[in-house]
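Student: I am attaching a structure below and will ask some questions about it afterwards.
Computed from the coordinates by the stated procedures, all read-outs in this text should not be read as laboratory data. Note that this is a predicted model, so its numbers are computed, not measured. Glycine gets a Cβ as well: all are built from the backbone with ideal geometry, and neighbour counts include every protein chain shown.
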Amino acid sequence: MTLRLTMVLIVGATLSAHAGVSDTPLPTFADAQPGQLVATFQAAKETGLDTDVICTNLGPGTADVGVELFDAAGILANTIAAGNGVVLAVGVGHTVTIGSGGTVALHEDVLITLEAPVVNLRQGSGRIVSTSTNLGCVALAVDRLHLVQDPTVCPTCAPPALVLLPFDPPPATTTTTTSSTLGPTTTTTAPTTTTSITLPTSTSTSSTSSTTSIVSPSSTSTTTSALVTTTTTTTTSSSTLGPTTTTTAPTTTTSTTLTTSTSTSSTSTTTLASCASTHDLDAIVCACDRDLPAACPASLLSHRLTVRIGRACTLARRAAASDDARRQQRLTRRTITRLAALARGATRGRRPAPDMCASALSDAAARAAFSPAATGAE
């Protein structure tokens, strides 16, 4: 007889009772296509500040793209089905920008209108929904009042603040399945022999842990199966009277062996913090090492633009490594000039860069302009 034991343990995040970005049902677009979750983020709309989401369709076909905003209480502020905050049928390779309001520094294709009962979005959240998950997106907190100015032409003009908003990781769900199978056992009893087949027992331990900058869910499941075997010894004796003869059959004893195997697997994933959490020249170098390569992949840029971005980042690294304050200030200002020029010209020419690359360059230039190394502040 074969005995199979299977246990399934599912550990997941329990849905909360209140509405919000994580548990509000996904919308349906006006063309009756169901929406899928692409990413969630923190959003804000206040005097002089708006949130812009820039997405590029990387899939093989057209896609509907929308942005939903939620206020601090988790109340939905716009309706995707009504076309509020939506761009339908975005072509392959096309880029669209959806904003909570109009800005002078960036171009918005669609502006979201807050719907009752939501009247403000001083602090809130948002999520990107689409008919396809093959999107490349970036969320920005944008100073809506200022333009990017060449500091060599207008050194006193304040550059607009463009801050990358990191996307929230999806809720963690871990599924662990442990199976233990006891093989068949056959016992044959002859007058003097006992035969036993060894039953293997396996123990499997599986653990999965996930760590991010925001949440750290973990779960562990262990199943152990043990087997106790008793062996019976049979002895047969025969006695014949006449000439007295006694015969004792041989006795065979078999012991059951317990075989145990243990396997352990562990998976760990770490999400790095955003460059926005660093300051001064470290933030510029961080943008060169992480933000710019992600937003400006060499495969989408001209060779000339790739080389110029590399030279600007080399200046930033030289400034960060210098111990001379005057040399550091001179190198930082040269970095600002080059990054600002690259941001203005990135989307021009015969092979323009994606809009998100120009935004990342503007963000790096703004961080450099605000740094103490550029202003001379202690």
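Student: What does the charge count around Val104 come to, taking other residues whose C-beta lies under 13 Å from its C-beta (Lys +1, Arg +1, Asp -1, Glu -1)?
Tutor: Every neighbour counted, the sum reads -3.
Student: With a point put 7 Å past each Cα toward its Cβ, work out how far Thr347 is from His94 in nm, to one decimal.
Tutor: 1.5
Student: Contact order normalised by length for the stretch 61-174, with contacts defined as Cα pairs under 8 Å and 6 or more residues apart; what percent is it?
Tutor: Relative contact order here is 26 percent.
Student: What FRET efficiency do you get for Ala294 and Glu46 if R0 is 22 Å and r is their Cβ-Cβ distance, rounded to the nearest 0.05?
Tutor: Computed FRET efficiency for Ala294 and Glu46: 0.20.
Student: Can you compute 3J(HN,Hα) from phi for each residue in the stretch 137-146, using the Karplus curve 6.51 cos²θ - 1.76 cosθ + 1.60 with θ = phi - 60°, rounded to whole Hz and x for Gly and Pro?
Tutor: Listing the rounded values in order: 10, 9, 10, 10, 8, 10, 6, 7, 9, 10 Hz.
Student: Right, here's the next one. Figure the gain on full extension for Asp23 and Thr113 (residue separation times 0.36 nm, minus the Cα-Cα span) and round it to one decimal in nm.
Tutor: Computed gain between Asp23 and Thr113 is 30.2 nm.
Student: Going by amide H atoms built from the backbone, whose H comes under 5 Å of the H on Val90, apart from near neighbours?
Tutor: Those lying under 5 Å, H to H, from Val90 are Ala63, Asp64, Val65.
Student: Stretch Ala82-Gln149 to full length: gain in nm at 0.36 nm per residue minus the Cα-Cα span?
Tutor: That works out to 20.3 nm of additional length.
Student: Summing +1 for each Lys or Arg and -1 for each Asp or Glu, what net charge is found among the other residues whose Cβ lies under 13 Å from the Cβ of Thr95?
Tutor: Once all neighbours under 13 Å are counted, the net charge is -4.
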